[in-house]
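> Submitted below is the structure of interest, expressed as C-alpha cells.
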Amino acid sequence: MTENKWLRQVAVFVAYAAAYLLLRPYTNGIWNVIGGLRLSCLLLLPYRYWPALVLAELGPQIYYSTPEQAPFGLAWQIGNSIPAILYAMPVVAWCKRRLGLFPSKRLVRAKALLICVLLTAAVWTAAVVPLLLVVAQPENTAHPYQFHNIQAVLLFLGRYVGILTILPLALAFKLREPQPWRARLKSWTSSQLVHESLILLIPTLAVLFWVNRHVSADIKQITRMVMLLPAAWLTMKHGWRAAAVGTSAAMICIFLDMEPNYEALDVIGTQAFVAFSVTCLFALGIRVTLQNAAEEQERIDAKAAAKVAQQGMYLCELRMRQAAQTLEQISGNLQLTQTRLLNRFKHMLPPIEGQTYYKQMANAQSQVYQLVESMHPTAWRERGLPAALRETIGRSLDEAGIAYRFELHGRGLSQLSPGVHAAIYRLACETVVYVCAKQAWSTITISLRGGLTHGQRWATLRVEGRADDIDALPMHGKLQNQQLAAKLGANNLGAMALRDYARLYDGELHTFTKPGAFRVTALVHDVSQQRTQEPHDGLTSRPAPVELYIR
C-alpha cells in the first residue's frame, strides 16, 4: 500500500512537470496559460498531492530564473524562483472549505468557482508586481523597462484568461460520466458535440486564424471577436461543456498570434473583451445546462408516467380476462344447473311454459356470451390477436349488416409484448366504432402490419370504411352504433381520445377523408423493447445530474 502511494506521488510529479514544460514556451504576460494548469491541478487533485506539485514546479522555475535565461538581477531571481503555485494554495483551500466549492464529487458551485479564479489571478498579479518594480536591467539596454500601473491590469487579465483556457476543460474531464474506456471512446465518436466541433468549430477557427495573420491591425480586432461566435453557438446548443471546448480553442487561436506588447492598449482591450465574453459564455452555458436538465427530467417523468399508464391498462386487461374466464365458467355451470332443473320438472310444466323457460335460458346464455366476448374474446385467448381481429370484430360487423375484410402484413407481430397486443385490439375496436359513427358503410377493412426499425418493434393499424352506393345504404343510427360498441366493448372515443391512446404507446394517429371513404391510420411502438443509446461522455452536456450550478 505504501509503495502504491509513492508511485502515485511520482506519477503526479512527472505528469505535472511534463505539462508545465510543454506549456511554458507559450506562456507570457498577456496569456499565462500555465496559471490554468496550476489552478486545475489544485482544484482537482487531493491535498496529499500538493507537495508533489510544488516540487515539480520548483526545478523549472529555478532554471528559468537563472541569469542566462532572465538577467534581471538577484532580487528577481530569488522572487521568481518561488513556485507560483504556492501563492494559490491558501486561496484554493479557503474556497473549498468556506465557500463549498465542491459540495460533492460530481457537483461544483459556479459562483464559488468564479470567486476562486478571480482571487487566484489577483494573488498571482500581486506577487509579480513587486518583482517588476525591482527589475535590474542589463547595461546598454536600448529600451529601458519602466513599470506602469496599466501593466498590472494587463498581467491580471493575462492570468485570468490563461486560467479560463485550461480550467473549464479540466472540469469537463473531472465531471465526465464514469464509463469503461471502450464505451467512452464509442460515446465520443457518436457525440453530437464532437461532430459539430470537428465540422464547424475547428475549420472555422482555422480559417479565421489564417485570416488574422494576413490582415491589418484594425481588421485583426474584428477577426478576434468573430472567433468567439462558433463557441457561442455551441454553448447555446450544448451547455457549459461546449463553452469549455469552444472558448479554449478560440483563446488559443487569439493569443498564439498576439505579440506580447505590455504597453499597447489594444492588447488590454483584447484581453478584456475575451475575459468578459468567455465568462458570459460560461455562465450562459451553465444556464443552458440547467434548462436541458429540466427538459430531460420532464421527458423522463413523461416516459415514466406513460409506462405506469401502460402497465395500469395492461393490468386492467388482465383483470377483464380473468373476469371473462370466471364468468364463462359460471355461465357453463348455470346452464348445466338450469338444464337439469328444467328436465326434472318438464313433466310438471305446461309445454308452452316450458318452452318459455328454455327460451329465457338461451337468451340469458347469449347475453352472457356477448358480455364475455366484449370483455375478452375467446378467439383472442385461444388463437391470438389476429384471430380476435378477424373473428370477433367480423362477427359484430356482420350482425350489423356491414361487410368486413381483414388484412395481415409484415412480420414480428407475435413478438410484440402482450400489453401492445391489448392496445392494438382495443384501439381497433374503438376505431371501428368511431368510423361507423361517421355514416353508414358498405365495407369495413382492417389492415394490420408489423415491423422492426432500429431495434424497435412497431405496428400500424388502418381502419377504412367504404360506401359503394351511399343512397342504397340503410341509415345507421345512434342506437345501432351503441349496440356495436357494446358488442366490441368500446367506449365511443373521439378522434382526440384515440390520438392520445396511440401517443401513450409512442405512436400517432391520422385520419383521411375522401368521397365515399374514411380512413384512420394509427402507429404504435413497443416501448418496452426500445433500445436507448444516448452518448454520455466528458464533452456532451449530460443533463442530469447537473454538475455546475449557480447559487
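The values are calculated or read from the model by the stated rules, or taken from the named source; none is laboratory data. The structure displayed is predicted, hence computed values, not measured ones. Here the Cβ positions follow ideal geometry from the backbone for every residue, glycine too, while neighbour counts run over all protein chains shown. Heavy atoms of the whole protein, side chains included, go into the accessibility calculation; ligands, DNA and RNA do not. Shrake-Rupley method; radii C 1.70, N 1.55, O 1.52, S 1.80 Å.
> Convex hull over the alpha-carbon atoms of the range 174-222: what's its volume per residue in Å³?
On the way: hull volume 5.6 nm³, N = 49.
Looking at the range 174-222, the number lands at 114 Å³ per residue.
> Once you keep just the Cα pairs under 8 angstrom separated by 6 or more residues, what percentage relative contact order results for the range 411-529?
On the way: 201 pairs, mean separation 38.7, N = 119.
So the answer I get is 33 percent.
> What are the ³J(HN,Hα) values, in whole Hz, obtained from phi via the Karplus relation 6.51 cos²θ - 1.76 cosθ + 1.60 with θ = phi - 60°, for each residue of the range 229-242 in sequence order, with x given for Gly and Pro?
5, x, 5, 5, 5, 5, 5, 5, 9, 10, x, 5, 5, 5
> For the chain, take the longest principal axis of its alpha carbons; what is the angle in degrees between that and the long axis of helix 2-23, to the nearest 10 within 0 to 90?
The answer is roughly 70 degrees.
> Between Thr270, Leu229, Trp240, whose Cα lies farthest towards the positive end of the dipole of the range 180-282 when Lys and Arg beta carbons carry +1 and Asp and Glu beta carbons carry -1, centred on the Cα centre?
Going by the Cα projections, it comes out as Trp240.
> Another one. Quick one: Kirkwood hydrodynamic radius for the range 432-524, alpha-carbon pairs, angstrom, one decimal?
Numbers: mean 1/r = 0.0698 Å⁻¹.
Evaluated on the range 432-524, it is 14.3 Å.
> Which whole-number percent gives the relative contact order of the chain, counting Cα pairs below 8 Å spaced six or more residues apart?
Details: 715 pairs, mean separation 86.3, N = 551.
Result for the chain is 16 percent.
> Report, as a whole number in µm² per second, the diffusion coefficient that Stokes-Einstein gives for the range 9-156 at 4 °C and 1.567 mPa s using the Kirkwood radius over alpha carbon pairs.
The calculation lands on 78 µm²/s.
> Quick one: dipole size for the chain, taken about the Cα centre, charges +1 on Lys/Arg Cβ and -1 on Asp/Glu Cβ, in debye to the nearest 20.
Numbers: 54 positive and 36 negative charges, 311 e Å.
For this selection, approximately 1500 debye.
> Treating only the Cα positions of the chain as identical point scatterers, give the base-10 log of I(q)/I(0) from the Debye formula at each q in 0.08, 0.09 Å⁻¹.
Debye output, listed in q order: -0.72, -0.80.
> To the nearest whole percent, what portion of all C-alpha pairs in the range 186-269 is separated by more than 16 angstrom?
On the way: 1874 of 3486 pairs.
Looking at the range 186-269, the distances longer than 16 Å represent 54 percent of pairs.
> While we're here: Length gain on complete extension for the stretch Val207 to Ala294, per 0.36 nm per residue less the alpha carbon to alpha carbon distance? Display every interim value, and only then the final one.
Numbers: separation 87, 0.36 × 87 = 31.32 nm, distance 3.67 nm.
Stretched out fully, the Val207 to Ala294 stretch lengthens by 27.6 nm.
> Continuing with the same structure: Go through Lys96, Lys111 and list them by solvent-accessible area, largest first, probe radius 1.4 Å. Don't jump to the answer; show the numbers that get you there.
Details: Lys96 45, Lys111 120 Å².
The ranking, largest first, comes out as Lys111, Lys96.
> Express the accessible area of the range 306-412 per residue in Å², computed with a 1.4 Å probe while the remaining protein chains stay in the model. Each step should come with its number before you reach the end.
On the way: 7040 Å² over 107 residues.
Value returned for the range 306-412: 66 Å² of accessible area per residue.
> Could you tell me which of Ile254, Thr443, Asn363 has its Cα farthest along the dipole of the chain towards the positive end, charges placed at Cβ (Lys, Arg +1; Asp, Glu -1), taken about the Cα centre?
Looking along the dipole axis, the top candidate is Asn363.
> Mind listing the phi-derived Karplus ³J(HN,Hα) values for the range 46-52, rounded to whole Hz, using 6.51, -1.76 and 1.60 with θ = phi - 60°, and x for any glycine or proline?
x, 4, 5, 9, 5, x, 5
> Also, quick follow-up: Under the rule of -39500 (n - 2.57) per DSSP H run of 4 or more residues, summed and divided by the residues of the chain, what mean residue ellipticity at 222 nm is obtained, to the nearest 500 deg cm²/dmol?
On the way: 20 runs with 343 residues, N = 551.
Helices in the chain give a 222 nm mean residue ellipticity of -21000 deg cm²/dmol.
> Related question: Find the accessible area per residue for the range 34-142; the probe is 1.4 Å, ligands and nucleic acids are left out, and the unit is Å².
48 Å²
> Could you give the length gained on full extension between Ala127 and Leu479, defined as 0.36 nm per residue of separation minus the Cα-Cα distance, in nm? Let's see the in-between values first.
Details: separation 352, 0.36 × 352 = 126.72 nm, distance 9.27 nm.
Value of the extension gain: 117.4 nm.
> Sticking with this structure for a sec: With +1 on each Lys and Arg Cβ and -1 on each Asp and Glu Cβ, and nothing else charged, work out how big the dipole of the range 22-114 is about its Cα centre, in Debye to the nearest 20.
Working: 10 positive and 2 negative charges, 159 e Å.
Computed about the Cα centre, the dipole is about 760 debye.
> Still on this structure, please answer the following. Provide the FRET efficiency to the nearest 0.05 for the Leu408-Arg340 pair, computing r from the beta carbons and using R0 = 56 Å.
Numbers: r = 44 Å, r/R0 = 0.78.
Rounded to the nearest 0.05, the efficiency is 0.80.
> Under 23 Å between alpha carbons, and skipping anything fewer than 8 positions from Lys5 in its own chain: which lysines qualify?
Lys105, Lys174
> About the Cα centre of the range 40-177, what is the dipole size in debye to 20, counting +1 per Lys and Arg Cβ and -1 per Asp and Glu Cβ, all else neutral? Intermediate values should be presented prior to the final figure.
Details: 11 positive and 4 negative charges, 218 e Å.
With Lys and Arg at +1 and Asp and Glu at -1, about 1040 debye.
> Ignoring the sites themselves, what is the longest stretch of the chain with no GluC sites (Glu not before Pro) in a DSSP loop and at most 13 other beta-carbon atoms within 10 Å?
Working: sites that count: Glu68, Glu139, Glu263.
In the chain, the maximal stretch lacking such sites is 264-551.
> Less than 12 Å Cβ to Cβ from Met251, Lys/Arg counted +1 and Asp/Glu -1: what total charge do the surrounding residues give?
On the way: positive: Arg224; negative: Asp257.
Summing Lys and Arg as +1 and Asp and Glu as -1 gives 0.
> Sticking with this one: Could you tell me the relative contact order of the range 302-386? Use alpha-carbon pairs under 8 Å, at least six residues apart, and round to a whole percent.
Rounded, it is 42 percent for the range 302-386.
> Same structure again: Give me the distance in nm between label points sitting 7 Å out from Cα along the Cα-to-Cβ direction at Arg466 and Ala152, one decimal.
9.1 nm
> Mind ranking Phe72, Phe282, Phe276 by accessible surface for me, highest first, 1.4 Å probe? Before the final figure, lay out the partial values.
On the way: Phe72 70, Phe282 40, Phe276 140 Å².
Ranked from most to least accessible, the order is Phe276, Phe72, Phe282.
> Sticking with this one: Taking all protein chains in place and a 1.4 Å probe, what share, in percent, of the accessible surface of the chain do carbon and sulfur account for?
Numbers: 18060 of 29390 Å².
Looking at the chain in its full context, I get 61 percent from C and S.
> Angle between the Cα long axis of helix 265-345 and the longest principal axis of the chain, 0 to 90 degrees, nearest 10?
Computed tilt is about 20 degrees.
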